[in-house]
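Taking it in order: structure first as structure tokens, then the write-up.
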Amino acid sequence: MPTSLQLDELSLTVDTEAHPLPEGYLLRGQRFTLTLPFTPTTFYRHGWHSWSLSAWLPSETNLHAPFPALHAPQIDDPLYLQDEGLWSAWLGAVPTPDGRVLLLGALDLDTRIRLEGDHLIAWCESGNARWLLTLAADEHRAFAAYANHLARLFGRRGLSPAPRVWCSWYSFETQIAAPLLEQTLASLADFPFEVFQIDDGWQQDIGDWEANERFPEGMAALAQAIRAAGRTPGLWWAPFLVRATSRLYREHPDWLLRDESNQPVSAGHNWGTPIYALDTTHPEVQGWLLDTLRRLRSWGFDYLKLDFLYAAALPGRRHQPIGREAALRQALQLLRQAAGDAYLLLCGVPILPALGLADGLRIGPDTAPYWDNFYITLYGRNFASPGVLNALRTTLHRLWLRPLTHTDPDVAFFRSRFSLLTPEQRQVTVDLAHIAGFHATSDPPFWLDPPEQEALRRFWAQPAPVERLGRYRFRIDNREVDFTPWMTLPHP
Ligand code: 9PG
């Protein structure tokens, strides 16, 4: 039976429970349809995890399934990626005909929304959920009202300024070794930053989290060298991911997340092989996660970049029958508790389940020393693929998360070598860091000429003042920057 809702002069109907709130309504239900008194022309869709497309899109947009399908879990929620039309994780917003913003945002996990004509259809995979419906004069206020509720329900972290980070990924990728990192550390001696973070490439395998042969003295020795240089040691870890080549996979086949036909659930494809997920509700897996985290901490790493975290929230049959995002949050809570006061940068992570647990969140896909890989983005319909453009688009649409956590837009580039970026495109990566308030790079100073070194020093020494002038317009250091031309999705 439809209930009438009144938001200022807008009359809506909904076929579920509704309770008035000062800023709108609290809706409650497992599945409901909200009927609007107008047909929206655009829709704010929010992607599932760090890398997933978030943007204002024309309402007729069809998020075609990406190609190849093998990569689906790395792109967005694989359960819905085959669906036609416009769906969104947890929240969605539409402009009213006179330019105000109506936002529907879930206050519980495992929740999705679709826009169909003048209907917003909302559902929860794991029982009843609460939702905030709010109408505000502009999008900033609508998102702020939602963020307020999330802060109250999930908590917030990252209230002091974010650490300044050097990260090994976007220069050396997996080709890291102790001598190269020691050389890099020494070359950074005169630069003002806090964290020296070792990324993917130190481990024996995905699942076997011990130093490989390129780190013969072990990870503790390197952490000690980083500490001796006056920096915080940082380390990358994909806690919920397993590769079939690992010892972990061979020794504990019963720890894998499996589907209805008992096949391991695909977490995608990377490092040239299929990747799988652990069932983090299994008590033995939880024990192993804690042991592994304590080992990394005992080596001296006080900053952890936890990656590919969506793996714990993939659809599957779990030891404990709880919602898949609840399962992820439970596992993150476990790690959060055991990590003590270590800084946790969460990456490849479904956003809502991470709130209150993450010190920092990666809020966009990987950047790269190039603007866009046209073939992957356009023909593959993969807006989560690496590149400055895709990272810029999703990051700018996730800035409303800033009251809840540090927001990491991925690294800025200063180098002209080993890069296809123009100086203007490099400036975009620097501007984005200032806008998001998180200053990281992967450039080793010995790849930089003297003016580039100077630019990196300035980047870390003086965070530029930023004023938001519009949805995609900013004043940065007295320069006006407008990203509007880059925000429309290309058509195949
Ligand atoms: C290390 C990297 C870096 C990076 C992370 C993450 O195949 N994929 O779809 C895919 C997506 C992201 C990705 C790697 C592969 O990057 O975001 O910063 O830590 O892992 O492997």
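Once you charge only the Cβ atoms, +1 for Lys and Arg and -1 for Asp and Glu, what is the size of the charge dipole of the chain about its Cα centre, to the nearest 20 debye? Walk me through the numbers before you get to the answer.
On the way: 43 positive and 55 negative charges, 126 e Å.
With only Lys, Arg, Asp and Glu charged at Cβ, the dipole is about 600 debye.
Can you give the longest run of the chain that contains no GluC sites (Glu not before Pro) sitting in a DSSP loop with at most 14 other Cβ atoms inside 10 Å?
Working: sites that count: E9, E60, E84, E173, E213, E217, E260.
With GluC sites (Glu not before Pro) excluded where exposed in loops, the chain gives 261-492 as its longest stretch.
Give, rounded to the nearest 20 debye, the magnitude of the charge dipole that the stretch 307-403 has about its Cα centre when Lys and Arg contribute +1 at Cβ and Asp and Glu contribute -1 at Cβ.
On the way: 10 positive and 6 negative charges, 71 e Å.
With Lys and Arg at +1 and Asp and Glu at -1, about 340 debye.
Mind running the shape call on the stretch 379-492? Use the C-alpha gyration tensor, a ≥ b ≥ c as the square roots of the eigenvalues: rounded below 1.5 for a/c, prolate if a/b tops b/c, oblate otherwise.
It comes out oblate by the Cα gyration axes.
Tell me the mean residue ellipticity at 222 nm calculated for the chain from its helices only (DSSP H runs of n ≥ 4, each -39500 (n - 2.57), averaged over every residue, nearest 500). Walk me through the numbers before you get to the answer.
Details: 12 runs with 120 residues, N = 492.
Taking each H run of at least 4 residues, the total per residue is -7000 deg cm²/dmol.
Pairs of alpha carbons in the stretch 441-492 separated by more than 12 Å make up 73% of all such pairs. Neighbours of S419 by Cβ distance under 12 Å: Lys/Arg scored +1, Asp/Glu scored -1, total +1. Close amide H partners of W90, meaning residues 5 or more places away or on another chain with modelled amide H under 5 Å apart, are T111, R112, I113. Put simply, the amide H of I275, placed in the peptide plane, has neighbours under 5 Å in A267, G268, H269, N270, leaving out anything fewer than 5 places away on its chain. Mind listing the long-range amide H neighbours of T3? Cut-off is under 5 Å, sequence gap 5 or more, other chains count too, H placed in the peptide plane at 1.01 Å from N. Residues meeting the criterion, in which the H sits 1.01 Å from N, are V14, D15, T16.
Give the angle, between 0 and 90 degrees and rounded to the nearest 10, that separates the Cα long axis of helix 178-187 from the longest principal axis of the Cα atoms of the chain. Roughly 80 degrees, rounded to the nearest 10. Compute the Cα gyration tensor for the stretch 171-273, then decide on rounded, prolate or oblate, letting a ≥ b ≥ c be the square roots of its eigenvalues: rounded whenever a/c is under 1.5, prolate when a/b is larger than b/c in the other cases, and oblate in all that remain. Since a/c reaches 1.5 and a/b is larger than b/c, the shape of the stretch 171-273 is classed as prolate.
Helix 219-228 and the longest principal axis of the C-alpha atoms of the chain enclose an angle of approximately 90°. Phi angles across the stretch 247-262 convert, under the Karplus curve 6.51 cos²θ - 1.76 cosθ + 1.60 with θ = phi - 60°, into 3J(HN,Hα) values of 4, 3, 4, 5, 7, 9, x, 6, 8, 7, 6, 10, 8, 4, 9, 6 Hz, Gly and Pro given as x. At R0 = 60 Å, how high is the FRET efficiency between R227 and A69 if r is their beta carbon distance? Nearest 0.05 is fine. Using R0 = 60 Å, I get an efficiency of 0.85. Between the helical axis of 324-339 and the longest alpha-carbon principal axis of the chain there is an angle of about 40 degrees. Looking at the square roots a ≥ b ≥ c of the eigenvalues of the Cα gyration tensor of the chain, which shape do they give, rounded for a/c under 1.5, prolate if a/b is larger than b/c, or oblate? Judged from the Cα gyration tensor, the chain comes out oblate (a/c at least 1.5, b/c at or above a/b).
Read the figures in this text as sums done on the coordinates, not as results from a lab. Just so we're clear, the structure is a prediction, and the values are computed from it rather than from any experiment. Cβ sites come from the backbone with ideal geometry, for glycine too, and all protein chains shown count toward neighbours.
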